[in-house]
Amino acid sequence: MLNDFFKYQAQTSEHPLAIEISHAKGSYIYDTNGNAYLDFVAGVSANTLGHQPKRVNDAIKAQLDKYSHVMVYGEFAQHPATEFCKLLATHLPEPLNKTYLVNSGTEAIEGALKLARRVTGRSQWISCYNAYHGNTMGSMSVMGYEERKQIFRPLIPDVDFITFNNEDDLEKITTKTAGVLLETIQGGAGFIQPENGFLKKVRQRCDEVGALLILDEIQPGFGRTGKLFGFMNYDIVPDVLVMGKGMASGMPVGAFTASDAMMNLLSHDPKLGHITTFGGHPVIAAASLATLQEITESHLMEEALEKEQLFRELLVHPLITEVRGKGLMLAAMTESPEITNRVILESLKRGVIMFWLLFEGKAIRITPPLTISKEEIKEGCGIIIDILNEIANEN
């Protein structure tokens, strides 16, 4: 399989981890040699309920027996998509009450950017340095990391950047700004949380100049920070909410939510202002509905905060400078990218899957399923500490 993997599949890096997968269950992934790997990454925050969650699998199978794709998005009323959007609205503050379902987080970003222009009639977007919102051309245009996008220029014009948590930069948001796009917690930059009421101050500035506040919750969303969405920790409400990743327990999906008045603008002048063939796919929507039901009907969100504290108690070592993030969106910061690489690669050999962040080389990504047990957390953290001890003893 590995030979065919490298020969026939386009690669995203020169040195992929290249584990040959056999199956996965709960918090573990198994390779074709029978080795078990404790999953501290959850498909990069996507497998919210772990691997093969029964409620989600049952919903997928039941929907497959009824119908799969029947029509492009928005033309037919289909139960799973309708029920998901309805349930989501009951758990969101006003005026976030209408949702557009798409295929991925990056497509949801594209839709949100288009909506901001449609609502305001303006062209400028404001994003953050070291922001990551996806890899399509529009999403890349608002990525605040020049090294990753220079080769693909020219990109969409009229984008300016501010520094996350820098209040002085808010003066860049003006009456020319259509929308301000922020990650509620910066992901690729190192799981950086807003400080000193930063999001509230951005909200206030947007209100002053008539710009939309768009929050990217693709990683923090669906319970990972102890609330259904990360913004709920900071006492603000965005104009547009973008989601994806953990929304369907590992199935490909995305969505953006705004007010009824805003979303209705996509239906006319021109009609089909945003359109997708497979967005709202009934099987994916069934998985999304089951995921949202499980998160909101269980204690997983409260437990995410308890598990965060356990990680913080266990990940104490001279080579760990801090643990960033909230809930089960955590990054253990080491003294150097070299140490981080050693820990991630050696952990894999010892049966724990961790991963990197896009822009911050010192960060060890720790984003396990919300369903991970405390015993599994202790097991994985023990291996991390053992490796760090070995590295420390070499010096």
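Remarks
- DSSP beta bridges in the chain [antiparallel fraction, %, rounded to 5]: 60 percent
- Neighbourhood charge, 15 Å Cβ-Cβ cut-off, centred on ASP269 and excluding it, Lys, Arg +1 and Asp, Glu -1: +4
- Cα centroid of region 278-297 to Cα centroid of region 162-214, whole Å: 30 Å
- Our summary gives region 95-211 a relative contact order of 27 percent, counting only alpha carbon pairs under 8 angstrom and 6 or more residues apart.
- The magnitude of the dipole of region 235-298, with charges of +1 and -1 set on the Cβ of Lys/Arg and Asp/Glu and taken from the Cα centre, is near 280 debye.
- Proximity of backbone amide H atoms, modeled 1.01 Å from N, is registered between LEU212 and GLY179, VAL180 at under 5 Å, excluding neighbours fewer than 5 places apart on the same chain.
- Counting only DSSP beta bridges with both residues in region 106-201, the antiparallel share comes to about 10 percent.
- Local charge for GLN124 was computed over the other residues whose Cβ lies under 10 Å away, with Lys and Arg +1 and Asp and Glu -1, and equals +2.
- Average Cα contact separation per residue, region 1-116, under 8 Å, 6 or more apart, as relative contact order %: 12 percent
- 3J(HN,Hα) along region 234-241, derived from phi through the Karplus expression 6.51 cos²θ - 1.76 cosθ + 1.60 where θ = phi - 60°, amounts to 10, 6, 9, 10, x, 7, 10, 10 Hz, with x in place of Gly and Pro.
- Ranked packing of 9-18, 307-316, most packed first, by mean Cβ within 10 Å: 307-316, 9-18
- Here region 1-113 is treated with +1 on each Lys and Arg Cβ and -1 on each Asp and Glu Cβ, and its dipole about the Cα centre works out to around 360 debye.
- CD proxy at 222 nm, helix term only [per DSSP H run n ≥ 4: -39500 (n - 2.57); per residue of the chain; nearest 500]: -10500 deg cm²/dmol
- Principal-axis tilt of helix 337-349 within the chain, Cα atoms, nearest 10 degrees: 70 degrees
- PHE5 contributes an accessible area of around 60 Å² to the protein surface, as traced by a 1.4 Å probe with all chains present.
- Contact order for the chain, expressed relative to its length and based on alpha carbon pairs under 8 Å spaced 6+ residues apart, stands at 23 percent.
- Working ranking of peptides 172-182, 322-332 by packing, defined as the average number of other Cβ atoms within 10 Å per residue, highest first, is 322-332, 172-182.
- Solvent-accessible surface of region 105-205, taken per residue with a 1.4 Å probe and all protein chains present: 42 Å².
- Check: the chain dipole with +1 on Lys, Arg Cβ and -1 on Asp, Glu Cβ, in debye: 820 debye
- Cβ-defined net charge surrounding GLY382, 11 Å radius [Lys, Arg +1; Asp, Glu -1]: -2
- Computed in the context of the full set of protein chains, the accessible area of the chain at 1.4 Å probe radius has 52% of its extent on carbon or sulfur.
- Table column - 3J(HN,Hα) (Hz), region 151-160, Karplus curve with 6.51, -1.76, 1.60, x for Gly and Pro: 5, 9, 5, x, 9, 5, x, 6, 10, 10
- For region 110-120, backbone phi angles converted through the Karplus equation (6.51, -1.76, 1.60; θ = phi - 60°) give residue-by-residue couplings of 4, x, 5, 5, 4, 4, 4, 5, 5, 6, 9 Hz, Gly and Pro being listed as x.
- Cross-link table LYS114/LYS149; LYS61/LYS378; LYS245/LYS374, entries beyond 31 Å C-alpha to C-alpha: LYS61/LYS378
- With the highest mean first, a sort of the peptides 206-214, 20-28 on other beta-carbon atoms found within 10 angstrom per residue produces 206-214, 20-28.
The values are calculated or read from the model by the stated rules, or taken from the named source; none is laboratory data. In this text the structure is predicted, and so the values were computed from the model without any measurement. Note that each Cβ is placed from the backbone with ideal geometry, even for glycine, and that neighbours are counted across all protein chains shown. Only protein heavy atoms, including side chains, enter the accessible area calculation; ligands, DNA and RNA are left aside. Shrake-Rupley method; radii C 1.70, N 1.55, O 1.52, S 1.80 Å.
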